[in-house]
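Notes for the one structure printed next.
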Amino acid sequence: MSNHLSERINNMSTSATLAMAAKARELRNEGKDIIGLSLGEPDFNIPDFVKEAAKEAVDQNYSSYSPVDGYADLKKAISNKFKRDNNLDYGIDQIVVSTGAKQSLANVAMVMLNKGDEVILPAPFWVSYSDIVKIAEGVPVQVPTSIDTDFKMTPEQLEQAITPKTKMLWFSSPCNPSGSVYSKEELEGLAVVLRKHPGIFVVSDEIYEHINFVGGHVSIAGIAGMYERTITVNGVSKAFAMTGWRIGYIGAAPYIAKACTKFQGQITSGANAIGQRATIAALEAPVNKIQFMIDEFHKRRDLVLSLLGEIEGFKLNVPEGAFYVFPDISSFFGKSLNGTAINNASDLAMYLLEEANVATVTGEAFGNPNCIRISYAASEKELKEAIARIKAVL
Ligand code: PMP
Ligand code: GLU
């Protein structure tokens, strides 16, 4: 029946992260003992002080439509957060609160891109960037990087990818899926190229800013010449384990913020009222309230690297942030494992799901077909068991 549907939806891929999580859920329902390392979702509970704020908001009857761009006091809290954590000055007319950073990204694509505009995506990139760009009739231009350069795009690669049609560059740092963190010097290198092309805008997805093991997150908007044309995207899903509460936001030039508000006003209206009230508490709290999560992720990263390092054929780098490892597993291609032919990363991810009952995500979905993504947002016990199973079937 798909011929009754629009070309738009027929041409769109299903989110590979969500698809793998759904598949794992389905197998679990069938009684299989699946360990899910596919979804980028903190396994902590929302901090109590955030829950309290949400409960209060329910009692205070925050039940009406909220302003499309977010409550004014939430936008003030976001403005203060940008200043405190990123030394960025975004006034409240420059902030738009949305239903997750995913919607923030979709808003930006819809208000910035015309048909055929090119968007540079250093690969690997977060799974949804490419389809969000395409739905806005933009053209994703992948710039491949490899594990040998820690999956980072160099200024030379950026320069080479730019054409007269380039409208934007989208990237995340810390990066999902590679965990790579761009240093200030590396961002300055990219800015040197971008300053030569004043018409190119940047989406800087900073949703993992706090999950950074080298310390000192750097926002590209703070680099000379970048502020006016950077859209800084962030949210509370990762830092505060609030994935299901669906609150994300942007800081951008006032005219971009206004356009996003106009678009959102026709599509979804203001984001969830209770989630917004809870987000005020989350963002006003000192960052040290979530330090325990960051320390725990750091510990798990080291554990996962050391255990995966024992598996022959896994090539690893040392991710400096987020909660993913992105091993290059191309040494298995062309081989047969227990009778299953492994020709690409999707084959390997499927083999691990079926034979080891461990859910990971193929790197193809992130623009790197040599790798798989393993999320270590799981307990130490699960991680040890999952990697032992992977080792056994390989
Ligand atoms: N950007 C990146 C890099 C992500 O990993 C995610 C994962 N959820 C998002 C954006 C979207 O986050 P959310 O919509 O939950 O705020
Ligand atoms: N961003 C997370 C991930 O990459 C959550 C899933 C999603 O929104 O796609 O796994």
Practice prompt. List the pair-distance distribution P(r) of segment 1-100, using every Cα-Cα distance, as the percent of pairs falling in each 10 Å bin from 0 up to the bin containing the longest distance, rounded to whole percents.
Written response: 11, 21, 26, 29, 12, 0
Practice prompt. Please tell me which of these pairs span more than 28 angstrom C-alpha to C-alpha: K134/K258; K55/K381; K51/K102; K102/K167?
Written response: K55/K381
Worksheet, complete the sentence: Checking segment 258-314 for GluC sites (Glu not before Pro) in a loop per DSSP with at most 10 other beta-carbon atoms within 10 Å yields E310, E312
Worksheet entry | the chain, accessible area per residue, ligands and nucleic acids excluded (1.4 Å, Å²) | 42
Worksheet, complete the sentence: Taking a straight Cα-to-Cα line shorter than 17 Å from K384, and setting aside same-chain aspartates and glutamates fewer than 8 residues away, one finds D33, D43, E296, D302, E310, E312, E355
Discussion item. Show me, for segment 283-288, the HN-Hα J-couplings you get by feeding each phi into the Karplus relation (A = 6.51, B = -1.76, C = 1.60, θ = phi - 60°), rounded to Hz, glycine and proline as x.
Written reply: 6, 7, 6, x, 4, 5
Discussion item. Per residue of segment 64-75, what does 6.51 cos²θ - 1.76 cosθ + 1.60 with θ = phi - 60° give for ³J(HN,Hα)? Whole Hz please, x for Gly and Pro, Karplus curve as stated.
Written reply: 8, 4, 8, x, 4, 8, x, 4, 4, 6, 5, 5
Discussion item. Give me the dipole magnitude in Debye, nearest 20, for the chain about the Cα centre, with unit charges on the beta carbon: positive for Lys and Arg, negative for Asp and Glu.
Written reply: 680
Discussion item. Need one number for the chain: average projected area of the convex hull over its C-alpha atoms, nm².
Written reply: 20.0
Worksheet, complete the sentence: Any lysines whose Cα falls less than 19 Å from that of K81, other than same-chain ones fewer than 8 residues away, would be K238, K289
Worksheet entry | Projected area, mean over directions - segment 150-298, Cα convex hull, nm² | 10.1
Response to the item:
Whole-percent carbon and sulfur contribution to the accessible surface of segment 61-151 (1.4 Å, no ligands, DNA or RNA) stands at 52
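The values are calculated or read from the model by the stated rules, or taken from the named source; none is laboratory data. Here the structure is a predicted model, which is why all the values come from computation and not from measurement. Reconstructed Cβ throughout: ideal geometry from the backbone, glycine too, with neighbour counts over all protein chains shown. Protein only, heavy atoms only, side chains kept; ligands, DNA and RNA dropped before computing areas. Shrake-Rupley method; radii C 1.70, N 1.55, O 1.52, S 1.80 Å.
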